[in-house]
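Enquirer: Once you've had a glance at the structure underneath, I'll fire off some questions.
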Amino acid sequence: MNLEIPDGYIDAMNESFEKMDQDMDKGWQIGQKWVKNPDNTQRCQLVAGKLLTALETDNEQLALMMGAYIVSRMQGVRQVVIDNTGEPEETSFQ
């Protein structure tokens, strides 16, 4: 599925993305393990799981926000391959 992020959207959402990062700074459950301080890739894997949920429930606003977060944190990412087997660390970015 293609997700188009409008011009200026990432800049407009930057404060929300920073709040997401602050929340993740406290640690996060990734699959079966607790990660005290997730790195950038792990953060994007977590967000990709939320993106998948948004797509499955037709929540376009949440999908746009999660997709934009990933693009803002992973320069040049063009594709997200989301693992839907319950292993978020298997999600990959290209």
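Enquirer: Using a 1.4 angstrom probe on heavy atoms only, work out the carbon and sulfur share of the accessible area of the chain in %.
Expert: With neighbouring chains kept in place, the figure for the chain is 45 percent.
Enquirer: For the chain, take N as its residue count and report Rg(C-alpha) divided by 2.2 N^0.38 Å.
Expert: That ratio works out to 1.02.
Enquirer: Let me have the 222 nm mean residue ellipticity of the chain computed from DSSP H runs of 4+ only, each contributing -39500 (n - 2.57), with the sum over all residues rounded to the nearest 500.
Expert: -16500 deg cm²/dmol
Enquirer: Farthest toward the dipole's positive end in the chain, which of 59, 2, 28, given Cβ charges of +1 (Lys, Arg) and -1 (Asp, Glu) about the Cα centre?
Expert: Most positive-ward Cα: 28.
Enquirer: Please list the non-local residues whose amide H lies under 5 Å from the amide H of residue 83, H modeled 1.01 Å from N, same-chain partners needing a gap of 5 or more.
Expert: For residue 83, the qualifying residues are 91, 92.
Enquirer: Go through 68, 40, 94 and say which Cα lies farthest out towards the positive end of the charge dipole of the chain; charges sit on Cβ, +1 for Lys and Arg, -1 for Asp and Glu.
Expert: Result: 40, furthest along the dipole toward the positive end.
Enquirer: Still on this structure, I have one more. Below 8 Å between Cα atoms, with a sequence gap of 6+, how large is the relative contact order for the chain in percent?
Expert: 27 percent
Enquirer: To make sure I understand the rule: partners must be aspartates and glutamates, Cα under 20 Å from the Cα of residue 19, and not fewer than 8 residues away in the same chain. Which ones qualify?
Expert: Filter leaves 11, 39.
Enquirer: Using θ = phi - 60° and the Karplus form 6.51 cos²θ - 1.76 cosθ + 1.60, what ³J(HN,Hα) does each residue of the stretch 50-56 get, whole Hz, x for Gly and Pro?
Expert: 5, 4, 4, 4, 4, 5, 5
Enquirer: Within the stretch 55-94, name every residue whose backbone N is under 19 Å away from a label modeled 7 Å from Cα of residue 34 along the Cβ vector.
Expert: 88-89
Enquirer: Now for a separate question. So what's the gap between the Cα centers of the stretch 57-76 and the stretch 14-44, to the nearest angstrom?
Expert: Their Cα centres are 15 Å away from one another.
Enquirer: How far, in nm, would the chain grow between residue 16 and residue 1 when pulled straight, counting 0.36 nm per residue and subtracting the alpha carbon separation? Intermediate results must be reported in sequence, preceding the final value.
Expert: Numbers: separation 15, 0.36 × 15 = 5.40 nm, distance 2.42 nm.
Using 0.36 nm per residue and subtracting the Cα-Cα distance, I get 3.0 nm.
Enquirer: So what J values fall out for the stretch 79-94 if you push phi through Karplus, 6.51 cos²θ - 1.76 cosθ + 1.60 with θ = phi - 60°, rounded to Hz, Gly and Pro as x?
Expert: For the stretch 79-94, the Karplus-derived couplings read 8, 10, 9, 8, 6, 10, 9, x, 10, x, 6, 8, 5, 10, 10, 10 Hz, x marking Gly and Pro.
Enquirer: Calculate, for the chain, the solvent-accessible area per residue in square angstrom, rolling a 1.4 angstrom probe over the heavy atoms of the protein chains.
Expert: Per residue, the chain has 66 Å² of solvent-accessible surface.
Enquirer: Could you tell me whether the stretch 39-89 comes out rounded, prolate or oblate from its Cα gyration tensor? Rule is a ≥ b ≥ c as square roots of the eigenvalues, rounded for a/c under 1.5, then prolate if a/b exceeds b/c, otherwise oblate.
Expert: Oblate is the answer for the stretch 39-89, as a/c is 1.5 or above yet b/c matches or exceeds a/b.
The values are calculated or read from the model by the stated rules, or taken from the named source; none is laboratory data. If you're wondering where the values come from, they're calculated on a predicted model, not measured in any experiment. Methodologically, a virtual Cβ is constructed for each residue, glycine included, from the backbone with ideal geometry; neighbour enumeration extends over all protein chains shown. In case anyone asks, the SASA skips ligands and DNA or RNA and just uses the protein heavy atoms, side chains included. Shrake-Rupley method; radii C 1.70, N 1.55, O 1.52, S 1.80 Å.
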